[in-house]
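Nothing in this text is a laboratory measurement; each read-out follows from the coordinates by a stated rule. Note that this is a predicted model, so its numbers are computed, not measured. In this analysis, Cβ positions are derived from the backbone assuming ideal geometry, glycine residues included, and neighbour counts consider all displayed protein chains.
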Amino acid sequence: MASAAPRVGIMLRHVTAPGGVTVFTKRVVRYLLTHPHGIDYHLLYSEEAQREVFEDLPATHVVLADGARLRWDQVTAPRYAERNGLALLFNCKFSVPLAAKVPTLIVIPGREQLAMAHVFPWYNRWYNQLLVPAFCRSATALITHTEIGREDCIMMGARPESIHVVPHGVDRYLRPASEEAKTAVKRKLGLERPYILFLGGITPLKNIGNLLRGFARVAKTHDVNLVLAGFKRWSFEGELAPIQELGLQDRVKYVGYVPDEDLAALYSAAECLALPSWYEGFGIPIVEAMACGCPVVTSSGRHAAPEVAAGAAVLVNPADPESIAAGLSQVLDDPKLRMELIAKGLVRGPQFDWDTTGRRTAEIIRSVANAPAARPGVLETPARVLVRGGASVGAAVTEKIARGFNKQ
C-alpha cells in the first residue's frame with residue numbers, strides 16, 4: 001500500500017505585505033503548487049483576505065485567524081502542524097516556531113536585522129536581536145540567497161550543513177522594452193527629463209538620504225532627474241526630508257508603487273539604477289535592471305549587492321555622497337562604460353530564473369519532509385526566550401515586544 005503524501009505547511013502571514021520577501025514567497029509558492037511532486041501543501045494564512053493570492057491553485061487553504069503575530073508564528077501555526085500531521089513547516093520570512101514538534105525550514109537572506117539594528121523600530125530591534133539568532137539555531141534547514149548570506153547565518157548560529165543557497169529569480173517579462181513602451185511609461189508617470197531610477201522600499205536601509213545628497217551634486221551638472229519608485233515603510237518621511245532641504249523638489253519625483261506591467265519599460269528607459277543601500281539581503285532590482293539593459297550603480301561593503309552584481313555594476317561607498325555622485329556621473333558621462341555595463345548586465349540578469357529557484361526549493365522541501373531529523377532547537381517556554389550564552393528575558397518583556405511587533 002502506497003504511503004500517504006507528506007503534508008507540508010507554508011506559513012503565509014506576510015503574503016500581502018510589500019517587499020522582496022513577498023516577491024520570493026509568491027514566485028516560489030506558485031511554483032511549488034504547480035509542481036507538487038507528491039507533496040500535499042497546506043497554505044496557512046492569518047487573515048481571510050490572504051487566501052486570494054493563491055486561491056486559483058490546488059492546495060489545502062487554511063485561515064488561522066489570530067491578530068497577535070508573534071503568537072501566530074509561535075503557537076497557532078505549530079499547533080495546526082502537530083494536530084494535522086504535517087511533516088514540515090516552511091516560512092519564507094525569517095521566523096519559525098521555536099517549540100514546534102515538526103521539522104522547520106526558514107528563509108533568512110542575511111543579518112541586516114542585526115547589522116543595521118539601529119534603523120529599525122524598537123520592537124523590531126528587540127525581536128531581531130533576541131529571536132532571529134534563535135531561529136537560525138532552531139530551524140531544521142535554512143535557505144539563504146547568497147554566499148555572504150550563508151556566512152551571516154553561520155555567524156548567527158546556524159549549523160553550516162543545514163544551510164542551502166537559493167538565489168532569487170528574475171521574471172521573464174523583464175527584458176529590454178521597446179521604444180514605444182518606454183515612451184508610454186514616461187508619459188504615464190509624467191517623466192519628461194532623462195532619469196536615474198531608484199526602486200525599492202523607502203526605508204532607512206536603502207540609504208535614500210545619501211542617495212539624495214549624491215544626486216544633488218549630479219543635478220548641478222547634468223540634465224537628469226531622480227525617480228523614486230516603491231512603497232513607503234517606516235521612517236519614510238525622514239528619508240524623503242532631504243528633498244526639501246537640498247532644494248530638489250523639481251528634480252526628484254516619487255512615483256510610488258509601479259505595477260509589474262510597467263517595470264520593464266521603467267528600467268529600460270532609465271539612465272541607470274541607483275541602489276546605494278546600507279545592506280541588501282539580495283537586491284532584486286539589481287538583477288531586474290540588468291535583465292532590462294539598465295546600468296546599475298550599487299553599494300560596496302559586506303552584504304549581498306557586490307556578490308549579486310558580480311562585476312557588472314559600478315560600486316560606490318554608501319556612506320559617502322561624493323562617492324555616490326561619482327558613480328552616477330561615471331555612468332552618465334562615459335558611453336563606453338555604459339555600454340560595457342549594459343552588455344554584462346544582459347548576461348548576468350537572465351542567469352536568475354524563478355523556475356530554478358522554485359525547483360531548488362522544492363528539492364530541499366522534499367529532502368527535509370521525507371527524512372525528518374531531530375531538531376537541535378532552542379528550548380522554549382512562554383516565560384523565557386533563550387539566546388546565545390544562556391541569557392533570557394522574562395515574560396513581561398517578551399509580551400512588550402509582542403505588543404509592538406503586532407502593530408506592524
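Of note:
- Rounded tilt (10° steps) of 354-370 against the dominant C-alpha axis of the chain: 20
- Computed from label points 7 Å out along Cα-Cβ, the spacing between TYR254 and TYR173 is 2.7 nm.
- Toward the positive end of the charge dipole of the chain, with +1 on the Cβ of Lys and Arg and -1 on the Cβ of Asp and Glu, the farthest Cα among VAL63, PRO36, VAL255 is that of VAL63.
- In a fully extended conformation the segment linking HIS37 and GLU161 would gain 42.2 nm over its present Cα-Cα distance, using 0.36 nm per residue.
- Spacing of the modelled spin labels on SER367 and GLU82, each 7 Å from Cα toward Cβ, amounts to 2.8 nm.
- Near VAL63, the amide H atoms lying under 5 Å from its own belong to TYR45; only residues 5 or more places off or on other chains count, and H is placed 1.01 Å from N.
- Each residue of segment 302-315 was assigned a 3J(HN,Hα) from its phi angle through the Karplus expression (A = 6.51, B = -1.76, C = 1.60, θ = phi - 60°), giving 8, 7, 6, 4, x, 5, 5, 5, 6, x, 9, 9, 8, 9 Hz with x at Gly and Pro.
- Selection from VAL96, SER300, GLY20 lying farthest towards where the dipole of the chain points positive, charges on Cβ: VAL96
- Within the listed set GLU245, GLU82, GLU288, the residue fluctuating most in the Gaussian network model of the chain (springs between alpha-carbon atoms under 10 angstrom) is GLU245.
- For the residues ALA362, ALA325, ALA65, a GNM of the chain with alpha-carbon springs under 10 Å puts the largest fluctuation on ALA65.
- Using θ = phi - 60° in the Karplus curve 6.51 cos²θ - 1.76 cosθ + 1.60, the 3J(HN,Hα) couplings for segment 74-83 round to 8, 10, 5, 5, x, 5, 4, 4, 5, 6 Hz; x is entered for Gly and Pro.
- Label point distance in nm, HIS118-ALA65, each placed 7 Å from Cα along Cα→Cβ: 4.4
- Highest-MSF residue in the chain out of ARG83, ARG51, ARG111 [GNM, Cα springs under 10 Å]: ARG83
- Full extension of the chain between LYS101 and ALA319 gives 74.0 nm of extra length, using 0.36 nm per residue less the Cα-Cα distance.
- Listed from fewest to most Cβ neighbours within 10 Å, the set MET155, MET339 follows the order MET339, MET155.
- Taking the Cα centre of segment 280-352 as origin and assigning +1 to Lys and Arg Cβ atoms and -1 to Asp and Glu Cβ atoms, the resulting dipole is close to 220 debye.
- A Cβ-based charge dipole, computed about the Cα centre of the chain with Lys and Arg at +1 and Asp and Glu at -1, lands at about 900 debye.
- The magnitude of the dipole of segment 179-351, with charges of +1 and -1 set on the Cβ of Lys/Arg and Asp/Glu and taken from the Cα centre, is near 80 debye.
- Hz values of 3J(HN,Hα) by residue in segment 90-103 - Karplus curve (6.51, -1.76, 1.60), Gly and Pro given as x: 10, 10, 7, 10, 3, 7, 9, x, 5, 10, 4, 9, 10, x
- Sequence-distant residues sharing a close amide H with HIS164 (under 5 Å, placed H): LEU142, ILE143, THR144
- Sequence of TRP72, TRP354 once ranked by neighbouring C-beta atoms within 10 Å, starting from the fewest: TRP354, TRP72
- Proximal lysines relative to LYS232, as straight alpha-carbon distance under 19 Å, when same-chain residues fewer than 8 apart are discounted: LYS206, LYS253, LYS407
- Exposure proxy order (Cβ contacts within 10 Å, fewest to most) of GLU112, GLU52, GLU47: GLU52, GLU47, GLU112
- For segment 223-262 and segment 40-105, distance of Cα centres in Å: 36
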